[in-house]
Amino acid sequence: MLSQITIIAALYSLVAADAAGAISSLQSIVEDLDSKVQSWDSAAGLQGALVIQADIPSLTDAVANLSSELPSSVDNDQAKTLVSNLAPLGAAISALLNDLANKANDFQSVGATEIVKGDISELASPAADVVSKAINGLPTDADSDVLGSASSIVSVVSAGFSTGAEAFGAPTVAWPVVNVGDASAAASGASSAAASGASSAGSAAASDAASSAGSAAASDAASSAAKSDAAVTSAAETSSAAKSSAKSSSASNSTKTSSKSSSSSSSDKSSNAAVLTTYGVGAALAGAVAMLL
């Protein structure tokens with residue numbers, strides 16, 4: 001008796017096979033229509049444009065059918081197969097829309113702009129549904145290469161519709177965003193945090209260095225200023241001392257000169273007194289001798 005797990009796996013395989021067949025069928029329709037667009041030009045007139053437009057309903061139905069064929073969830077191995085099948089389909093749809101946009105002027109010249117605009121609008125919503133269902137069905141632990149392929153498919157298809165909508169004035173639709181996973185986000189966050197930390201550390205180091213340099217410069221300047229003030233003060237004191245010494249020396253010299261003058265004067269006076277005394281004694285003796293004679 002088959003186990004429940006085996007039955008579920010078999011059902012998933014059938015769904016995956018149906019999805020692969022639906023993807024392949026849709027891709028053939030897209031490529032056939034794109035070939036007609038490439039072959040058409042304004043010389044074919046409005047009638048030729050209407051021939052192209054006649055294929056749009058079958059294309060829209062095929063897109064809607066694919067949405068119903070896609071499984072609501074897949075495991076990692078099935079996800080690899082799914083994105084591998086969807087990638088060429090996405091590229092084919094984008095090529096069709098770009099070729100339509102390249103011939104926007106030709107379609108306008110035959111009065112078919114509004115027709116193509118309606119076709120793009122009619123196709124955009126079911127195409128967005130297919131992409132959204134495929135992305136939402138991916139496992140949360142899908143491999144990074146699966147997520148990368150899914151993200152690329154979304155980018156290619158949404159870019160094609162954006163180009164077509166811009167060329168013909170059609171409204172745009174919202175497209176899903178592929179979640180690349182918490183691990184990648186965490187790694188990115190860690191890298192950002194590390195870069196931010198390094199930047200902060202660098203800024204702090206630069207700030208500290210600048211502060212230290214500034215403090216050292218200020219200290220050196222203050223020291224130099226203090227030394228300069230001390231030198232000026234010392235010079236002033238030396239000058240004052242020199243002036244005081246000069247005054248003292250001058251006063252001393254003046255005192256010595258005065259003393260010498262006074263001493264010299266006293267000596268001269270004493271000498272004169274001695275001469276007078278000697279002269280007086282001699283005169284007295286001479287007088288006495290004269291009296292005896």
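Readers should treat all values here as calculations from the given coordinates under stated rules, not as data from a laboratory. Keep in mind that what you see is a predicted model, and the values were worked out from it rather than measured. Backbone-built Cβ (ideal geometry, glycine too); neighbour counts: all protein chains shown.
With a Cα cut-off of under 26 Å and a minimum spacing of 8 residues unless on different chains, the lysine pairs in the range 4-180 number 5.
Dipole magnitude for the range 4-180: about 140 debye, using +1 per Lys or Arg Cβ and -1 per Asp or Glu Cβ, origin at the Cα centre.
Taking a ≥ b ≥ c as the square roots of the Cα gyration tensor eigenvalues, with a/c under 1.5 meaning rounded and otherwise prolate when a/b beats b/c, else oblate, which class fits the range 4-180? It is prolate, given that a/c is not under 1.5 and a/b is the larger ratio. Would you tally the net charge around L70, using a Cβ to Cβ cut-off of less than 10 Å, leaving L70 out, and scoring K and R as +1, D and E as -1? With Lys, Arg at +1 and Asp, Glu at -1, the net is -2. The modelled label-to-label distance for the pair E31/D18, using points 7 Å beyond Cα in the direction of Cβ, is 2.5 nm.
Between A43 and S152, the distance separating the two model label sites (each 7 Å from Cα on the Cα→Cβ line) works out to 3.9 nm.
What is the extension gain from S125 to A174, computed as 0.36 nm multiplied by their sequence separation minus the C-alpha to C-alpha distance, in nm to one decimal?
Details: separation 49, 0.36 × 49 = 17.64 nm, distance 0.88 nm.
Result: 16.8 nm gained on full extension.
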